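Single-structure report; data block below.
No value in this document is a laboratory result; all are computed from the given coordinates. The model shown is predicted, which means the values in this text are computed figures rather than measured ones. We place every Cβ from the backbone using ideal geometry, glycine too, and count neighbours over all the protein chains shown.
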Amino acid sequence: MKIFCSPVDLTHVDTVVYHLQDGPALSLKIEGIEEYLDFELERGHFCDTSDIDGTLHFFPKGNA
C-alpha cells in the first residue's frame, strides 16, 4: 500500500469521469471548480488521458 502518492496534474484536464460502484459514471467539467478538487486524499486509481482528450478517469478503491 502506498502512503504517499504523486499529486494529480490538472493542467490539461477538462473533464473528470468518476466511475461509481456498479458501473455508472459521473462526468464533471472542471472549469471553475479546480480549487475544490482534492484527489490526493482519494483512494483509488487514475487513468490520465488528458494529453489525448482532456479527460481524467478516477476509479475509487473497489472499482478499479
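Brief remarks on what is shown
- Modelled label positions at residue 35 and residue 55, each set 7 Å beyond Cα in the direction of Cβ, lie 2.9 nm from each other.
- Using θ = phi - 60° in the Karplus curve 6.51 cos²θ - 1.76 cosθ + 1.60, the 3J(HN,Hα) couplings for region 21-32 round to 4, 6, x, x, 10, 10, 9, 10, 6, 9, 4, x Hz; x is entered for Gly and Pro.
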